[in-house]
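The values are calculated or read from the model by the stated rules, or taken from the named source; none is laboratory data. Keep in mind the model is a prediction, meaning the values are calculated, not measured. Here the Cβ positions follow ideal geometry from the backbone for every residue, glycine too, while neighbour counts run over all protein chains shown.
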């Protein structure tokens, strides 16, 4: 994979902001004590709350009692190994009205260095959503080398013009490959593309974004 330079924490935060606001996935940002620093509207809506109602609450408190110990352990291990990720296929959560729903929980770290994670990210895919599509994508999806490099660039927040310059392609060529990636992952925009790529394990957690090598075949 070609190295991409000149993209730092500011760009990372811009990408995360775009994913937060437009991906359509239930996402939350946690601090090192597992408190909710920020949640998007999809996340708060799933719990029957406004985003402001969840700010400062411990993420573990949103879990059914039976799931709290296991998830707490997974989050603690995540903090000890920045750049790693975990997925719990079925976790039970409690809404504001005390009703329970289940879903797949994915956690990964953002920012920091090898010894210190800046924050944790939690993605929830409620049952009845697109878990079957995601499972199928996890097992079957393979990218060409150029698709992988473009996906990494999109995850970095690079524009079509910058990607075209880096990869010696036309802007139309970049647009074609981005459209192909969105069709493969069954999403409608770039933030959703990046979010889903992370959630199904196509991109390794951490910064800069990198597609897992086994997911790539040469053209």
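Residue-by-condition table, conditions (1) modelled with pLDDT of 90 or more; (2) surrounded by 17 or more Cβ atoms within 10 Å (Cβ to Cβ); (3) within 24 Å of residue 197 (Cα to Cα):
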position	(1), (2), (3)
18	no, yes, yes
37	yes, no, yes
44	yes, yes, yes
48	yes, no, no
53	yes, no, no
59	yes, yes, yes
70	yes, no, no
95	yes, no, no
98	yes, no, no
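For residue 173, the conditions (1) crowded, with 18+ Cβ neighbours inside 10 Å; (2) modelled with pLDDT of 85 or more all hold with the exception of (1). Whenever a residue of region 65-79 is closer than 14 Å to residue 91 by Cα, its partners that are modelled with pLDDT of 95 or more and in a helix (DSSP H, G or I), lying with C-beta atoms within less than 6 angstrom and at least six residues away or across chains, give the pairs 68/60; 72/60. The sole residue among 138, 87 that is assigned to a strand (DSSP E or B) and at pLDDT below 90 is 87. Of everything in region 102-133 that is at pLDDT below 55 and either crowded, with 19+ Cβ neighbours inside 10 Å or touching a strand residue (DSSP E or B) at 6+ places or on another chain (Cβ under 6 Å) (or both), the residue that is nearest to residue 193 (Cα to Cα) is 131.
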